[in-house]
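Everything on this sheet refers to the single structure shown next.
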Amino acid sequence: MKWAAFLSTAFIAILIILYEWPKLKQKSAKDKLALVSLLLIGLLLSMFHLQEMAGPTSWIEAFFRPLGEFMER
Amino acid sequence: MEKGKISSLQMAFMLYPTIVATAILGIPSVTAKFAKTDFWMSPIFASFIGYLTVYLAVKLHKLYPGQTIIQYSEQIIGRWLGKIIGFLFLSFYIQVTGLIVREYAEFVVDSFLIDTPIIVVMASMVLLCAFVVHGGLEGLGRGALLFIPVFLIPQIILFILVFPDLEFKNIFPVLANGVMPPLKGSIVPGGWYTEFFLISFLLPFLVDKKKGMRYGMMTVFAVMATLVIVNLVVLFVLGPTTSSKVYPLMNVARYISFADFFEHMESFIMAIWVVGAFVKISVFFYATALGTAQWLKLTDYRPIVWPLGIFIVITGFWSISNSMDLERYNVNAFPFYGAVIQTLLPLLLLLIAMISNKNKKNKQSNTTDAPMK
């Protein structure tokens, strides 16, 4: 767990909520739900040591491995 | 959802820096690794996938006018499969945007802001682009139009100043090992050309929709011409050593010493890079934000611009610990991933759409009361 990254992301998320909430008030519940859930996913991801973790980028690289080997030859 | 309108010229000026900005810096050396001294031909071969991609995007938009890929993929192959296709596109665009931000920041930190933490460079660029995307498509289009001189003039000045140093004999031998090495070298720039599919997100908002195809094709040609000129200049100055440089155009710019006065021209490259990366990230970011909002069927894309910004910074870091990882990904995986998502998938969608439209028409002409499905 990286506290600095997590806390700064949480701080940014609060700023975003404060900035967008007044405008979102008259909009549908779906819009609010989308904003909050996207922020929560972002917050969740910021807790990990992402640079050393397997993720979309390394999965795609593994998926295209045969073609990647052709490029390295 | 998007009330702004852009002209097709603005679309062209949004797309041109989008492809050229990152392609002129790192790509010449990558291409030179495969094609040796023939790497100036590779952008020409690679451009065919660009023409194809623009053609597919425009054709699909003609069948489903006023919609983006996220919307019409649901109409073509049904709701759930369409959602899956939409998810593939969105995950692709979020991840690619993150990697572009990382690439931009790696270059800035590597060459200029050596002591600055990379997260600061990345986050400030994403914040800036988030404001532009939040402002809407019209602002982005006008900004791109405004910035095009800042993007083009330094390039022209650079080419004029480097002219006395060009060694034209570096071009030989031409095609010493046949046509295969430049063809293999064209795979990586081909990945960049597939990014032209972004016009799928811009076409619905054109004022002059009929010119979309022409301007799209012209942009592909302009990108090809720029890349060929850049590659030739790099080849004429650096010769066979191009493949050993990380950013060959930077080396060319540092090489300039004109009348003992015009030196340290790398600041020009910096100007091109920052402006180009800004337009590029904004266009990708816009496509991501609009696409996500359409995918989730929201009323507006503006609120979700900010959380997507966080996503973009996160994917810029995810499983990439240094610039070597990034370059390996850009060579080994991105060209294929980009071609699969941005050219093959649209091609499939277009074929399915054309076949099902034909069936519908046949049914309508043959039977009057047959159910429509």
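The table below lists the values:
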item: Filter result for B:I77 (at pLDDT 90 or above and surrounded by fewer than 24 Cβ atoms within 10 Å (Cβ to Cβ)); result: no
item: Set B:S124, B:S200: member being in contact with a His (Cβ under 8 Å, 6 or more places away or on another chain) and assigned to a helix (DSSP H, G or I); result: B:S200
item: Test: residue in region B:248-267 that is buried (at least 22 other Cβ atoms within 10 Å of the Cβ), within 18 Å of the chain's Cα centre (by Cα), under 12 Å from B:L25 (Cβ atoms) and in contact (Cβ under 8 Å) with a residue 60 or more places away in the chain; result: no
item: Matching residues, region B:162-193, being under 25 Å from B:F268 (Cβ atoms) and modelled with pLDDT under 85; result: B:V162, B:F163, B:P164, B:D165, B:L166, B:E167, B:F168, B:N170, B:I171
item: For B:L350: the one exception among (1) without any contact (Cβ under 8 Å) to a residue 12 or more places away in the chain; (2) more than 14 Å from chain A (Cβ to nearest Cβ); (3) not basic (K, R); result: (1)
item: Helices (runs of 4 or more DSSP H) (entirely within region A:11-73) containing at least 3 residues that are within 8 Å of chain B (Cβ to nearest Cβ) and among the hydrophobic types (A, V, I, L, M, F, W, C); result: A:29-45
item: Answer residue from region A:5-19, given it is closer than 23 Å to B:K297 by Cα and in contact with a helix residue (DSSP H, G or I) (Cβ under 6 Å, 6 or more places away or on another chain) and is surrounded by the most Cβ atoms within 10 Å (Cβ to Cβ) among those; result: A:I16
item: Filtered residue count, region B:148-196, keeping only those that are away from every other protein chain (no Cβ under 14 Å), without any contact (Cβ under 8 Å) to a residue 24 or more places away in the chain and either more than 24 Å from B:V252 (Cβ to Cβ) or not hydrophobic (A, V, I, L, M, F, W, C) (or both); result: 4
item: All positions within region B:213-238 that are touching a Pro at 6+ places or on another chain (Cβ under 6 Å) and crowded, with 23+ Cβ neighbours inside 10 Å; result: B:L227, B:N231, B:V234
item: Failed condition for B:D115, given (1) in a helix (DSSP H, G or I); (2) surrounded by fewer than 14 Cβ atoms within 10 Å (Cβ to Cβ); result: (1)
item: Residue check, B:S356 in contact with a helix residue (DSSP H, G or I) (Cβ under 8 Å, 6 or more places away or on another chain), over 30 Å from A:I17 (Cβ atoms), polar (S, T, N, Q) and at the interface with chain A (Cβ under 9 Å from one of its Cβ atoms); result: no
item: Any hit, region B:140-147, residues being over 18 Å from the mean Cα position of the chain (by Cα), within 13 Å of another protein chain (Cβ to nearest Cβ) and over 20 Å from A:A5 (Cβ atoms); result: no
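Listed here are the residues, each with its yes/no results for (1) part of a helix (DSSP H, G or I); (2) surrounded by fewer than 20 Cβ atoms within 10 Å (Cβ to Cβ).
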{"position": "B:L298", "(1), (2)": "no, no"}
{"position": "B:G316", "(1), (2)": "yes, no"}
{"position": "B:I320", "(1), (2)": "no, no"}
{"position": "B:D325", "(1), (2)": "yes, yes"}
{"position": "B:Q342", "(1), (2)": "yes, no"}
{"position": "B:P346", "(1), (2)": "yes, no"}
{"position": "B:L349", "(1), (2)": "yes, no"}
{"position": "B:I352", "(1), (2)": "yes, yes"}
{"position": "B:N359", "(1), (2)": "yes, yes"}
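The values are calculated or read from the model by the stated rules, or taken from the named source; none is laboratory data. Quantities reported herein were computed from a predicted structural model and do not represent experimental measurements. Cβ atoms come from the backbone with ideal geometry, glycine included; neighbour counts cover every protein chain shown.
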